[in-house]
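Engineer: Structure in structure tokens, see below.
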Amino acid sequence: MALTLRAARINKGLSRQEAAKLLGVGVSTIGNYERGVSYPDVPVIRKMEQVYGIPYGEMIFGTGKEENADGGE
């Protein structure tokens with residue numbers, strides 16, 4: 001997840017400072033998320049979806065869509 005978050009931010013052309021402001025968290029928090037020291041809670045993840053333009057499943061699982069927990073279709 002950490003690499004994906006950093007890549008998503010960079011792909012949007014955002015500095016850590018800009019991302020922190022848009023997400024409503026501190027700059028050090030962005031760094032902690034990107035290094036895997038801590039993880040965003042659900043409200044922040046939802047903001048990340050909007051700001052970074054990538055779905056939850058891609059941020060968390062590295063896929064382009066959310067995975068079904070039961071493996072069904």
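A short reminder: the numbers here are calculations on the coordinates, not readings from a lab. Quick caveat, the model's predicted, so the values are computed rather than measured. Note that each Cβ is placed from the backbone with ideal geometry, even for glycine, and that neighbours are counted across all protein chains shown.
Engineer: Give the relative contact order (percent, whole number) for the stretch 2-61; include only Cα pairs under 8 Å separated by 6+ residues.
Structural biologist: Numbers: 46 pairs, mean separation 21.3, N = 60.
Computed over the stretch 2-61, the figure is 36 percent.
Engineer: Volume per residue, Å³, of the convex hull around the alpha-carbon atoms of the stretch 2-61?
Structural biologist: 67 Å³
Engineer: Could you compute the FRET efficiency for E18 and F61, with r as their C-beta to C-beta distance and R0 at 22 Å, rounded to 0.05?
Structural biologist: It comes out at approximately 0.30.
Engineer: Also: What list do you get for M59, M48 if you sort them by fewest beta carbons within 10 Å?
Structural biologist: Least to most surrounded, the residues fall as M59, M48.
Engineer: Between V44 and V27, what is 0.36 nm times their sequence separation minus the Cα-Cα distance? Round to one decimal in nm.
Structural biologist: Length gained, V44 through V27: 4.8 nm.
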